[in-house]
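Below is one structure, written out as structure tokens; comments come after it.
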Ligand SMILES: NC(=O)c1ccc[n+]([C@@H]2O[C@H](COP(=O)([O-])OP(=O)(O)OC[C@H]3O[C@@H](n4cnc5c(N)ncnc54)[C@H](O)[C@@H]3O)[C@@H](O)[C@H]2O)c1
């Protein structure tokens, strides 16, 4: 592609600003158009961001009628399905913010549409661009741990519950599980090569969100602020997954990979009320193994970097569009975690283990 990559942005709220900032660092990209359903908001956004030559529309369908190579979808979760399917059908390449969708049925249709149209649907999981995530994946996939039979992941915030669309069941689908759990799930599942889940047994609660002492919108709080699940996979692998938006605890622990030859512990990067493994950041990595005639542990040297991971994900998408590469983080893969979240919600409601429904 010799011309500039022509990009549109659908939804001009908080995260759209990070997309603009990242695209601006790419000399081969032109932000041609933005759209928002709130009349006039897209125009205000172009003024705020100083996007003088960018067209503004009050609907995503008007934006999609323009000559664009790709779009960033930055709308609330409830609009991901409609805007992504319409964008793919309009021939655009798509970078979609996380989580993929509100329901599993939507995620399946989105992935199917990407396949039918031959367009890319890539998901915005920026923690994947931490070189230490790749290091973790390389260690586990090298076979150094032997057969991995148990993975534990998750984490949470001591206090950090969003409001607005994030706490509506209809608009968000799920709460902490979808909002921040999707990062931990991606960390564990991507490391393991996205194995196929078969069943889930889960428990969820919302003691904090529904309590006016802890949440100003307690009366409207409909989703889970805590969830724990045991997920069974093909090949005798189990995953324990736990996540919370609020808790009386500092951390829900480390991510762990237990193998027959060695174990690997990944501790959270940050500290403070909003920290934890939830953002997928690698703080330290320790391998436990039997060597030199005894129990040994090795601190895995981490890769130092100063990458802005958000910018990296946007750059990878834009370059994939320019170079005709496949989706960096394909929707077909991420719908596996959407199937797990769907199973978690069904299991929690039924109060028993349920099968994960995932067509071939
Ligand atoms: N990757 C990350 O680090 C990250 C961080 C924050 C949010 N997010 C995700 O980004 C998405 C948006 O979050 P946000 O915080 O920017 O929300 P926001 O509410 O600030 O902005 C969303 C905007 O989309 C607009 N909108 C809704 N439906 C639309 C439609 N059909 N067409 C056009 N515009 C529409 C809204 O009017 C609003 O202006 C969410 O899915 C969220 O999970 C990702």
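What follows is calculated from the coordinates using simple rules that are stated; it is not laboratory data. Treat the numbers as computed from the prediction; the structure is a model and nothing was measured. Glycine also receives a Cβ, built like all others from the backbone with ideal geometry; neighbour counts cover every protein chain displayed.
Numerical summary
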| read-out | value |
| --- | --- |
| Percent of beta bridges antiparallel (DSSP, the chain, rounded to nearest 5) | 60 percent |
| The chain, relative contact order in percent, only Cα pairs under 8 angstrom and at least six apart counted | 19 percent |
| Kirkwood hydrodynamic radius over Cα pairs of segment 159-306, then Stokes diffusion coefficient at 4 °C and 1.567 mPa s, in µm²/s | 76 µm²/s |
| For the chain, built as a Gaussian network whose Cα springs stay under 10 Å, the top-fluctuating residue of 244, 184, 142 | 142 |
| Residue 28-residue 307 pseudo-label distance in nm [points 7 Å out on the Cα-to-Cβ vector] | 1.7 nm |
| Distance (nanometres) between label positions extended 7 Å along Cα→Cβ at residue 48 and residue 353 | 4.8 nm |
| Extension gain (nm, one decimal) between residue 89 and residue 205, 0.36 nm per residue minus Cα-Cα | 37.9 nm |
| By average C-beta atoms within 10 angstrom, highest first, the peptides 285-292, 134-141 | 134-141, 285-292 |
| Hull shadow area, averaged, segment 7-57 [alpha-carbon convex hull, nm²] | 3.0 nm² |
| By average C-beta atoms within 10 angstrom, highest first, the peptides 225-233, 255-263 | 225-233, 255-263 |
| Rounded tilt (10° steps) of 131-141 against the dominant C-alpha axis of the chain | 50 degrees |
| Rel. contact order, % - alpha carbon contacts under 8 angstrom, at least six apart, segment 197-255 | 32 percent |
| All-pairs alpha carbon distance profile, segment 235-360, 10 Å steps from 0, percent | 9, 24, 35, 26, 6, 0 |
| Relative intensity, log₁₀ I(q)/I(0), of segment 288-343 from a Debye sum that treats every alpha carbon as a point, q = 0.15, 0.26, 0.31 Å⁻¹ | -0.77, -1.00, -1.12 |
| Degrees between helix 309-323 axis and first principal axis of the chain (Cα, 0 to 90, nearest 10) | 60 degrees |
| Pairwise label distance in nanometres, residue 249 with residue 165, each label 7 Å out on the Cα-Cβ vector | 3.1 nm |
| Mean Cα-pair separation over length for segment 4-104, i.e. relative contact order, pairs under 8 Å, 6 or more apart, % | 29 percent |
| FRET efficiency, residue 323 to residue 260 (Cβ-Cβ, R0 41 Å, nearest 0.05) | 0.50 |
| FRET E, pair residue 236, residue 332, Förster distance 25 Å, beta-carbon r, rounded to 0.05 | 0.55 |
| Counting all C-alpha pairs of the chain, share separated by more than 27 Å (%) | 48 percent |
| Helix-only CD estimate at 222 nm, as mean residue ellipticity for the chain, using -39500 (n - 2.57) per DSSP H run (n ≥ 4) | -9500 deg cm²/dmol |
| Sorted peptide list for 205-218, 92-105, 114-127, criterion being average Cβ within 10 angstrom, highest first | 92-105, 114-127, 205-218 |
| Where the Cα pairs of segment 1-106 fall when distances are cut into 10 Å bins, in % | 16, 53, 28, 4 |
| DSSP-defined beta bridges in segment 94-234 - what % are antiparallel, rounded to 5 | 75 percent |
| DSSP bridge orientation in segment 1-98 - percent antiparallel, rounded to nearest 5 | 0 percent |
| Translational diffusion of segment 107-183, µm² s⁻¹ [Kirkwood Rh, Cα pairs; Stokes-Einstein; 4 °C; 1.567 mPa s] | 81 µm²/s |
